[in-house]
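Take a look at the structure below.
The values are calculated or read from the model by the stated rules, or taken from the named source; none is laboratory data. Keep in mind it's a predicted model, so treat the numbers as computed, not measured. Please note: Cβ atoms are built from the backbone with ideal geometry, for glycine as well, and neighbour counts cover all protein chains shown.
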Amino acid sequence: MLDWSEIILRLGAATAAGGLIGLNRDLQGKPIGVRTLGLVGLATATIVALAAPSADAAPVSDATSRIIQGILTGIGFLGAGVIVHRDKLSQVHGLTSAACTWLTACVGIVCGTGYWRIVILALALTFIVLLIGGAVERRLHRALGGRKTFENSSEDPASGTDTPPT
């Protein structure tokens, strides 16, 4: 099993990198942002950390790898069902919820294998991204002057949830 510092580095770097890419997309007015891509980066790093070889654990077997591939493919379709495009408003909603769906599947896989350090850190980073990601996104958006405005959006970045327009 990887030690704590290596898990923190890998999962933290993936979350930060995804968040930075999301910030760029948000500043360009695209319907995806810091939280969504931060969660996607975290989810993928969580699964790769599971398969990382170490001194005290065998790498994931071929059979387990095929099961993981099937789960992640299937959950991708479920996540796609969460995303809603509203033609009338030209807005896309539900991307963060879809990313959370996929991340939940990744965490479930890691729970199933019993790699508790990875699970604990993945959950901690998830809640950090969800709880403060919206506020950070708004501040950076204001400071860097992107195209997207939250005042005209039904997304509530403070709560990390997507709410339907009223």
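Taking the range 102-123 as the region of interest, how many residues are hydroxyl-bearing (Ser, Thr, Tyr), surrounded by fewer than 20 Cβ atoms within 10 Å (Cβ to Cβ) and either more than 18 Å from Thr73 (Cβ to Cβ) or in contact (Cβ under 8 Å) with a residue 60 or more places away in the chain (or both)? So that I can check it myself, show each step before the final result.
Just the residues of the range 102-123 that are hydroxyl-bearing (Ser, Thr, Tyr), to begin with: 104, 113, 115.
Then drop every residue that is not surrounded by fewer than 20 Cβ atoms within 10 Å (Cβ to Cβ), which leaves 104, 113.
Add one more test, that the residue is either more than 18 Å from Thr73 (Cβ to Cβ) or in contact (Cβ under 8 Å) with a residue 60 or more places away in the chain (or both), and what stays is 113.
Of the residues in that region, 1 qualify.
Considering each of Ala63, Ala105 in turn, give the residue that is assigned to a helix (DSSP H, G or I) and modelled with pLDDT under 80. Being assigned to a helix (DSSP H, G or I) and modelled with pLDDT under 80 holds for just one of Ala63, Ala105, which is Ala63. Scanning the range 83-96 for residues that are outside any loop (DSSP other than H, G, I, E, B) and modelled with pLDDT of 80 or more yields His93, Leu95, Thr96.
Selection over the range 24-38 of residues that are modelled with pLDDT under 85 and either surrounded by fewer than 24 Cβ atoms within 10 Å (Cβ to Cβ) or part of a helix (DSSP H, G or I) (or both) gives a count of 9. Looking across Ala99, Ala16, Ala80, one residue alone is surrounded by fewer than 13 Cβ atoms within 10 Å (Cβ to Cβ), touching a helix residue (DSSP H, G or I) at 6+ places or on another chain (Cβ under 9 Å) and either assigned to a helix (DSSP H, G or I) or at pLDDT 85 or above (or both). It is Ala80. Look at the range 62-78: where a residue is farther than 14 Å from Leu50 by Cα, no partner that is not in a helix (DSSP H, G or I) sits 6+ places away or on another chain with Cβ atoms under 9 Å.
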